[in-house]
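K.L.:
Attaching a single structure in structure tokens format; questions to follow.
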Amino acid sequence: MNIQPMLSGGVDRFIIEIQVYNTRGLESKYKKTILRKAVYGKSNTPSSLECQVEDFSILSEGRTIDEISDEFVYKLKSSLKPVKKKSLNNKLIFSPTAFGELLYYTLGQAITGENIARGRSFLSDKIGGEIASERLSLIDWGNSNNFISGRPFDGEGTSTRKNIIVDRGVLKQAIYDIEWGLKTGLESTGNAQRSYYTLPSIGLNTIHIPATSSNSLTHDISKGYYIETISGAHTSNSVTGDFGVVVVGGYLIMNGEISKPIYGPLISSSCISLLNSIVDVGGPEEQAAINQTAVKFSPVLIEF
């Protein structure tokens, strides 16, 4: 097959040094190095899909350039002659990046202490209740060195920690900074996010979902879809949990194998419905970055 792709890519090294001081004598700092390796492009054949492979890692961990290139070539060859779909109502496997985006803009905004206290969250009265399939546990692991956004303290100097947000389907807690911890009679969970020119606000440090299976999720699917990239997650409504996203890159699954590329279908649902439709989490883990939050988990199987 003669494919002449249009390519771009590179290897970036980010050295991050954070220092926090205040008038009460707080002096904290840390330094870390992050590597980002990426290849982007598409075939010059008509109607082919855009492809990308990114790898984020701490120091020299992560995949090699050869491994990333091999995956890109595989995706490039698989992107030719995509089939346009209007809707999907079968078994869906979300890539960690796609599912992480949905979680970040729905659940991630809804579990902040401010939104819950103000009644601006679909989870305001659900702490301690079941909100998801028992196959789902979700951890904000702010002090773990295995995540590119892991750090010893947050934007206010509060020590980060392992926050278990959802435990086997049960919503265990919200996340707080100092301000909203004080206003609600609770303590900060180490989730203050900020840049050098903004005031602190509440946000997830990481999104980690423990795998419930060690197997590939495609092997027993006779017909389904693999959702690799989506568009529009940022328009999700964190008050109601409703979302509508367009699949800009995905694949048909036939008899346990990745098949034809697809594009164009709309996935519209609510966060609660999505979380309760989780059947399994398994396969290789993937790490990505969504704003200041690291996403790291395996593909997620949804059955609508």
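K.L.:
Report yes if residue 78 is among the polar types (S, T, N, Q) and at pLDDT 90 or above, otherwise no.
P.N.:
Numbers: among the polar types (S, T, N, Q): yes; at pLDDT 90 or above: no.
No; evaluated as a whole, the condition is false for this residue.
K.L.:
Okay, next question. Here is a check on your reading of the model: is residue 229 part of a strand (DSSP E or B), in contact (Cβ under 8 Å) with a residue 40 or more places away in the chain, under 19 Å from residue 75 (Cβ atoms) and in contact with a Gly (Cβ under 7 Å, 6 or more places away or on another chain)?
P.N.:
Numbers: part of a strand (DSSP E or B): yes; in contact (Cβ under 8 Å) with a residue 40 or more places away in the chain: yes; under 19 Å from residue 75 (Cβ atoms): yes; in contact with a Gly (Cβ under 7 Å, 6 or more places away or on another chain): yes.
When the stated conditions are applied, residue 229 passes them.
K.L.:
Separate question: Could you say whether any residue in segment 227-245 is surrounded by 14 or more Cβ atoms within 10 Å (Cβ to Cβ), over 22 Å from residue 122 (Cα atoms), at pLDDT 90 or above and in contact with an Asp or Glu (Cβ under 8 Å, 6 or more places away or on another chain)?
P.N.:
yes
K.L.:
When residues of segment 195-204 are filtered for being in a loop (DSSP other than H, G, I, E, B) and either polar (S, T, N, Q) or outside the structural domain of residue 101 (by TED's automatic domain parsing) (or both), how many remain?
P.N.:
In the first step, residues of segment 195-204 are kept if they are in a loop (DSSP other than H, G, I, E, B); the result is 195-200, 203-204.
From what's left, either polar (S, T, N, Q) or outside the structural domain of residue 101 (by TED's automatic domain parsing) (or both): 195, 198.
Of the residues in segment 195-204, 2 are in a loop (DSSP other than H, G, I, E, B) and either polar (S, T, N, Q) or outside the structural domain of residue 101 (by TED's automatic domain parsing) (or both).
K.L.:
Next up: If only one of 106, 112 is more than 19 Å from residue 276 (Cβ to Cβ), crowded, with 21+ Cβ neighbours inside 10 Å and either in contact with a strand residue (DSSP E or B) (Cβ under 8 Å, 6 or more places away or on another chain) or outside the structural domain of residue 230 (by TED's automatic domain parsing) (or both), which one is it?
P.N.:
Values: 106 fails: more than 19 Å from residue 276 (Cβ to Cβ).
After applying the criteria, what remains is 112.
K.L.:
Applying the selection to segment 247-269, what residues are hydroxyl-bearing (Ser, Thr, Tyr) and without any contact (Cβ under 8 Å) to a residue 40 or more places away in the chain?
P.N.:
Start the filter on segment 247-269 by keeping residues that are hydroxyl-bearing (Ser, Thr, Tyr), which leaves 251, 259, 263, 268-269.
Correct list: 259, 268, 269.
K.L.:
Being among the hydrophobic types (A, V, I, L, M, F, W, C) and without any contact (Cβ under 8 Å) to a residue 40 or more places away in the chain is the filter here, so list the residues in segment 8-22 that pass it. Reasoning before the result, please.
P.N.:
If we filter segment 8-22 for residues that are among the hydrophobic types (A, V, I, L, M, F, W, C), which is where we start, we get 11, 14-16, 18, 20.
Scanning segment 8-22 gives 14, 15, 16.
K.L.:
Those residues that are assigned to a loop (DSSP other than H, G, I, E, B) and of a type in the set (Ser, Thr, Tyr), I need them from segment 205-226; list them, please.
P.N.:
Of segment 205-226, the ones assigned to a loop (DSSP other than H, G, I, E, B) are 205, 210-212, 214-222.
The answer is 212, 214, 216, 218, 222.
K.L.:
Just to verify a result, which residue in segment 1-42, among those that are surrounded by 11 or more Cβ atoms within 10 Å (Cβ to Cβ) and touching a Ser or Thr at 6+ places or on another chain (Cβ under 6 Å), is modelled with the highest pLDDT?
P.N.:
Among residues in segment 1-42 that are surrounded by 11 or more Cβ atoms within 10 Å (Cβ to Cβ) and touching a Ser or Thr at 6+ places or on another chain (Cβ under 6 Å), the one modelled with the highest pLDDT is 20.
K.L.:
If the requirement is being in the same structural domain as residue 251 (by TED's automatic domain parsing), in contact with a Phe, Trp or Tyr (Cβ under 8 Å, 6 or more places away or on another chain) and modelled with pLDDT under 90, which of these qualifies: 221, 148, 207? Don't jump to the end; show me each part of the working.
P.N.:
Working: 221 fails: in contact with a Phe, Trp or Tyr (Cβ under 8 Å, 6 or more places away or on another chain); 207 fails: modelled with pLDDT under 90.
Checking each option against the conditions leaves just 148.
K.L.:
How do the helices (runs of 4 or more DSSP H) wholly within segment 91-194 filter down when requiring 1 or more residues that are within 30 Å of residue 227 (Cβ to Cβ): which remain? Show your work before the answer.
P.N.:
Details: elements: 96-105, 107-110, 113-117, 178-183.
Result: 96-105, 107-110, 113-117.
K.L.:
Return only the number of the condition from (1) within 25 Å of residue 285 (Cα to Cα); (2) at pLDDT 95 or above that residue 130 does not satisfy.
P.N.:
For residue 130, the exception is condition (1).
K.L.:
Of everything in segment 261-286, what is assigned to a strand (DSSP E or B) and not charged (D, E, K, R)? Give them in sequence order. Talk me through it step by step, then tell me what you get.
P.N.:
Of the residues in segment 261-286, the ones assigned to a strand (DSSP E or B) are 261-263, 266-270, 278-282, 286.
Once the filter is applied, which keeps residues that are assigned to a strand (DSSP E or B) and not charged (D, E, K, R), segment 261-286 yields 261, 262, 263, 266, 267, 268, 269, 270, 278, 279, 281, 282.
K.L.:
Residues 121, 137: which one is in the same structural domain as residue 245 (by TED's automatic domain parsing) and in contact with a helix residue (DSSP H, G or I) (Cβ under 9 Å, 6 or more places away or on another chain)?
P.N.:
121
The values are calculated or read from the model by the stated rules, or taken from the named source; none is laboratory data. It should be emphasised that the depicted structure is a prediction, and the values quoted were computed from it without experimental measurement. Every residue, glycine as well, gets a Cβ built from its backbone with ideal geometry; the counts of neighbours run over all protein chains shown.
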